[in-house]
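Here's the structure we're looking at; comments come further down.
The values are calculated or read from the model by the stated rules, or taken from the named source; none is laboratory data. All of these numbers come straight from a predicted model, not from anything done at the bench. We place every Cβ from the backbone using ideal geometry, glycine too, and count neighbours over all the protein chains shown. The protein model used for the area step is the full one, side chains on, heavy atoms only, and it has no ligands, DNA or RNA in it. Shrake-Rupley method; radii C 1.70, N 1.55, O 1.52, S 1.80 Å.
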Amino acid sequence: MTIANTMDRLVKWTEENICSKIKLKVPPEDIEAATDADYEYKEASPACFPIYIPTRDKLPPGADFPIPSVCIRILDGTDYRNSGSLNIEMNLSCWNPGTYGKDVLLPNNEKPGEHREWAGEEAEQYYKRNAGGWRDIWNWIDIILKELEATTDIDGIPIDKEEGIKYEPYKEEGGIADYYPFWYATVSFTLKRRSSQNKKIDEYL
């Protein structure tokens, strides 16, 4: 199995098992225009990119936005005889400048126990700038942890459970980076892989 093939399978698995299970706010090209009540934001499932997050002018076919997204990177790997490992990092990014009227959920009097989206003129005029967007990135991490912990492999590639799963907010020089209204975090884990380069050697051992 080649490293490139492993990356392709990782991206496909992430799109199907992680990105499809959450919808996040999509930032506009003009960020300043989105920080008032008149802005009608849209939500979408995050895009998934290998190696790097492209800018808007370099988006691949089928991708409409660079954020929200998860970028899958190979940090490093080891190879010994006919086995090895790859250390994988998922870089998560999302955007949320505050609370809009339709973000507010109210009790649904017609269906006790359920909630409804706040609607009407007052809701349309409501916007409160705040730093609550951090919840989006951590709710997303919860989904990823649930999926990784519930499986032993990613498309047939074993997850090294003994190494565990690490997650943390994005940091710079040891401190948590502040890019409000953008939010970033990482999830990292290790995959086991069988090397195809040394199969011929095995015959002579």
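Quick look at the values:
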quantity	calculated
Residue satisfying all of: in the stretch 19-72; at pLDDT 95 or above and of a type in the set (S, T, N, Q); least open to solvent (accessible area, probe 1.4 Å) among these	SER69
Flag for LYS12 being of a type in the set (Lys, Arg), surrounded by fewer than 16 Cβ atoms within 10 Å (Cβ to Cβ) and closer than 29 Å to GLU163 by Cα	yes
Test: residue in the stretch 106-119 that is part of a strand (DSSP E or B), touching a His at 6+ places or on another chain (Cβ under 7 Å) and either free of Cβ contacts under 8 Å to residues at least 60 places away in the same chain or of a type outside the set (Ser, Thr, Tyr) (or both)	yes
Tabulated pairs, the stretch 165-183, first in a strand (DSSP E or B), second open to solvent by less than 50 Å² (accessible area, probe 1.4 Å) and of a type in the set (D, E, K, R), C-beta under 8 angstrom, 6+ apart or interchain	TRP183/ASP136
Qualifying residue in the stretch 81-88 (condition: modelled with pLDDT of 95 or more and either open to solvent by 40 Å² or more (accessible area, probe 1.4 Å) or more than 24 Å from CYS19 (Cβ to Cβ) (or both))	yes
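This table checks each residue for (1) within 17 Å of THR6 (Cβ to Cβ); (2) surrounded by 12 or more Cβ atoms within 10 Å (Cβ to Cβ); (3) modelled with pLDDT under 95.
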| residue | (1), (2), (3) |
| --- | --- |
| ALA131 | no, yes, yes |
| GLY156 | yes, no, yes |
| TYR179 | no, no, yes |
| GLN197 | yes, no, yes |
| LYS200 | no, no, yes |
| GLU203 | no, no, yes |
